[in-house]
Every structure is written in C-alpha cells, then in structure tokens.
Amino acid sequence: MITTVNRDGSPAATPAYTQRVEETGAEIVTVSSTLENRGNTRTPQMHGREFARAMSVMLDETRAMLRQLEDFERPDLVVHDGTMC
C-alpha cells in the first residue's frame, strides 16, 4: 500500500486501509493495489531465490500506483511502507 498525502490533505490508500485512514478524520482517495488483486498467488519474499521476482512484483505495484495518482497535484511528502522506496 502506498499512502500519499496530497497538498489538500487527502491521503490515498487501498480499500483494505480505507477505514483506518478515515478514522483519523482524513478524506481519502481510494486506489487499487496489484498486490491485493493477486488472488491465490503468493507474493514472493524479498530474499533468497525469490528476490528478483519480488523486485519485479514491487516495481509493477509502484507503476500501478503512480498511474492512479498522476492526475493529482504533486505532494510535498510521500510515505511508502513498501520495501522499495
């Protein structure tokens, strides 16, 4: 999940985190995650033999988030809880 706080104060989060963010009083922008839409496919680990595949999955996730957020004004701060900031 990527949470972006736009200059107007609106954070972006996936549906899994929407309620938690709204409880803070923030008006949320909902985005979809490629990680949540993987069905039964296990997300690879960020070590060992799965490392290269995991990097590819995280890069796909980052690209998908950027496409969803590109129409918003560029934020002053982006907080990303993933492993590939």
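Per-structure values
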{"quantity": "Positive minus negative residues near Thr41 (Lys, Arg vs Asp, Glu; Cβ under 15 Å)", "calculated": "-1"}
{"quantity": "Residue-count net charge about Ser56 - beta-carbon cut-off 12 Å; Lys, Arg +1, Asp, Glu -1", "calculated": "-1"}
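Where a number appears in this text, it was derived from the coordinates with a stated rule and is not lab data. Quick caveat: nothing in here was measured; it's all calculated off a predicted structure. Every residue, glycine as well, gets a Cβ built from its backbone with ideal geometry; the counts of neighbours run over all protein chains shown.
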